Amino acid sequence: MEPDKDKINPLKRTRVSKHKGVFYRESSVRRHKGTPDKCFDICYRDSRGTLIWEKIGWMSDGYTSAFADQVRAERIRTIRHGGELPKKKQDPTLAEVWKRYDEWLKTGKILPNSDRSYYKNHIEGTLSNKTLSQISPFDLEKLKIKLMKQGFAQATVKHVLVLVRQIINKAISWGMWSGENPIKKVKLPTLNNRRERFLTKAEMGKVLKALQIISPLVHDIALLSLHTGMRAGEMFSLKWSHIDIENGLIHIADPKNKRSRKAFMTSTIKDMFASYKIGKPEDFVFRSTRGKKINEVSHTFDRVVKDLKINEGIKDPRQKVVFHTLRHTFASWLAIQGTPILTIKELMGHQSLAMTERYSHLSPDHKKQAIEGIENYFAAAETSEEEHAAEEREGN
């Protein structure tokens, strides 16, 4: 049955005269053989009389009006004989995917409130009403430029784009969509945010003392990071089945790199765990006041750093002390003590040596010894030449 004329927007679709119910749309961007590319659509009514529009494909991809007519005829025959039509490809809006993504955040993703904040403040009003197939690399480039013009840090801009990538990737893995993630064609901002600041022993003592008074729980988490270099997420995921006090081992299920490693307890950490009431094997070692898994670093740490004025007058974010500084301090102290760089790599759980080499400059003794070795070599060579000359003079 031919569709009602008022259902067709003549500005978008043009009827193919020789094929009933077949239309085409001309692209203002795509070209084919020197003329605007055409996309063929068909329309028909289902068994309930509802008008159905279906996209067939672009002429540049090999589709023709004759092929579109054949598809339409097959659809009509299927409807007449009570068959089932092919299911329309799913194309949810970003908001629809976000709703499920937000539910997924409750299952234990690290820093869920950060994702919610980025979505609400930077994504919701721009992309949420677009279907995933409508979100183009150009849309994401515009979002990136907009945020940069508004003065947001490169790290913030990157986090926003990465969140879009994660949401769409989840839609694909959940079977909600089957397209290609447009973020693949967008260049993410390059960051230079490697932490350079590490705590001195005096600063460490002040921070731990203040934390012990305000929050023993945050104190113990900070102490564990300083003595093992563990990430926040790794510590929050620790269960009693991972703790081996007798042998001084911690079995780390690394949520970031998706691989496991072992950390070694110092006597301080052994004493700390020994003072705890050991729970069931699957119980989390560190739990919130409600007995739940901790997902975010407490703001208590930042308040203590602020009260101690450790960051006072510092503008460069890389020089500011944050919770991650504790892990950085662990690696820095190892390097200062002359620990081999490969050992630091394994203890930190780095995937590549390049990530660990940032600490090599903190091992000046080895460089000094190398230079002294060169100097001794030249000194020995000069001595040898003088002795040789003296022997020749004596021989004469």
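The values are calculated or read from the model by the stated rules, or taken from the named source; none is laboratory data. All of these numbers come straight from a predicted model, not from anything done at the bench. Reconstructed Cβ throughout: ideal geometry from the backbone, glycine too, with neighbour counts over all protein chains shown.
The number of residues in the stretch 122-138 that are surrounded by 14 or more Cβ atoms within 10 Å (Cβ to Cβ), among the small types (Gly, Ala, Ser) and under 18 Å from Val186 (Cα atoms) comes to 1.
Does Glu357 meet the test of being acidic (Asp, Glu), modelled with pLDDT under 90 and under 31 Å from the mean Cα position of the chain (by Cα)? It is true that Glu357 is acidic (Asp, Glu), modelled with pLDDT under 90 and under 31 Å from the mean Cα position of the chain (by Cα). Only one of the numbered conditions (1) polar (S, T, N, Q); (2) closer than 27 Å to Ala202 by Cα; (3) under 23 Å from the mean Cα position of the chain (by Cα) is not met by Ser237, and that is (2). Is the stretch 143-158 home to any residue that is under 23 Å from Glu296 (Cα atoms) and exposed (fewer than 15 other Cβ atoms within 10 Å of the Cβ)? Yes, the stretch 143-158 contains at least one residue that is under 23 Å from Glu296 (Cα atoms) and exposed (fewer than 15 other Cβ atoms within 10 Å of the Cβ). Given the structure, is Ser128 in contact with a strand residue (DSSP E or B) (Cβ under 8 Å, 6 or more places away or on another chain), assigned by TED's automatic domain parsing to the domain that holds Lys99 and either in contact (Cβ under 8 Å) with a residue 24 or more places away in the chain or over 18 Å from Lys99 (Cβ atoms) (or both)? Yes; evaluated as a whole, the condition is true for this residue.
The conditions of being touching a Ser or Thr at 6+ places or on another chain (Cβ under 9 Å) and on the phi > 0 side of the Ramachandran plot are met by Gly338.
Cβ-Cβ distances below 7 Å connect the following pairs, each with a first residue in the stretch 110-121 that is aromatic (Phe, Trp, Tyr), a second residue that is part of a helix (DSSP H, G or I) and modelled with pLDDT of 90 or more, and a separation of six or more residues or different chains: Tyr118/His159; Tyr118/Val160; Tyr118/Leu163; Tyr119/Trp98; Tyr119/Leu163.
Going through the stretch 124-153 one residue at a time, which ones are hydrophobic (A, V, I, L, M, F, W, C) and in a helix (DSSP H, G or I)? Hits for the stretch 124-153 are Leu127, Leu132, Phe138, Leu140, Leu143, Ile145, Leu147, Met148. Scanning the stretch 37-52 turns up at least one residue that is without any contact (Cβ under 8 Å) to a residue 12 or more places away in the chain, closer than 20 Å to Glu74 by Cβ and among the small types (Gly, Ala, Ser).
Quick check on Arg48: is it surrounded by fewer than 19 Cβ atoms within 10 Å (Cβ to Cβ) and under 30 Å from Glu84 (Cβ atoms)? Yes; evaluated as a whole, the condition is true for this residue. Take the stretch 193-209 and flag every residue that is touching a residue at least 60 places away in the same chain (Cβ under 8 Å) and either surrounded by fewer than 19 Cβ atoms within 10 Å (Cβ to Cβ) or not in a helix (DSSP H, G or I) (or both). Asn193, Arg194, Arg195, Glu196, Arg197, Phe198, Leu199, Glu203, Met204, Lys206 - these are the residues of the stretch 193-209 that are touching a residue at least 60 places away in the same chain (Cβ under 8 Å) and either surrounded by fewer than 19 Cβ atoms within 10 Å (Cβ to Cβ) or not in a helix (DSSP H, G or I) (or both). Among the residues in the stretch 99-121, are any polar (S, T, N, Q), more than 17 Å from the chain's Cα centre (by Cα), at pLDDT 90 or above and exposed (fewer than 14 other Cβ atoms within 10 Å of the Cβ)? Yes, that holds for at least one residue.
Kindly indicate the residue of the stretch 331-346 that is assigned to a helix (DSSP H, G or I) and among the small types (Gly, Ala, Ser) and also farthest from His361 (Cα to Cα) among those meeting that condition. Filtering the stretch 331-346 for residues that are assigned to a helix (DSSP H, G or I) and among the small types (Gly, Ala, Ser), the one farthest from His361 (Cα to Cα) comes out as Ala331. The number of residues in the stretch 62-95 that are in a helix (DSSP H, G or I), free of Cβ contacts under 8 Å to residues at least 40 places away in the same chain and surrounded by 11 or more Cβ atoms within 10 Å (Cβ to Cβ) comes to 10.
Do you know which of the residues in the stretch 263-290 that are under 28 Å from the mean Cα position of the chain (by Cα) and not basic (Lys, Arg) is nearest to His219 (Cα to Cα)?
Result: Phe286.
Regarding Ser128, is this residue modelled with pLDDT of 90 or more and more than 20 Å from the chain's Cα centre (by Cα)? Yes, satisfied.
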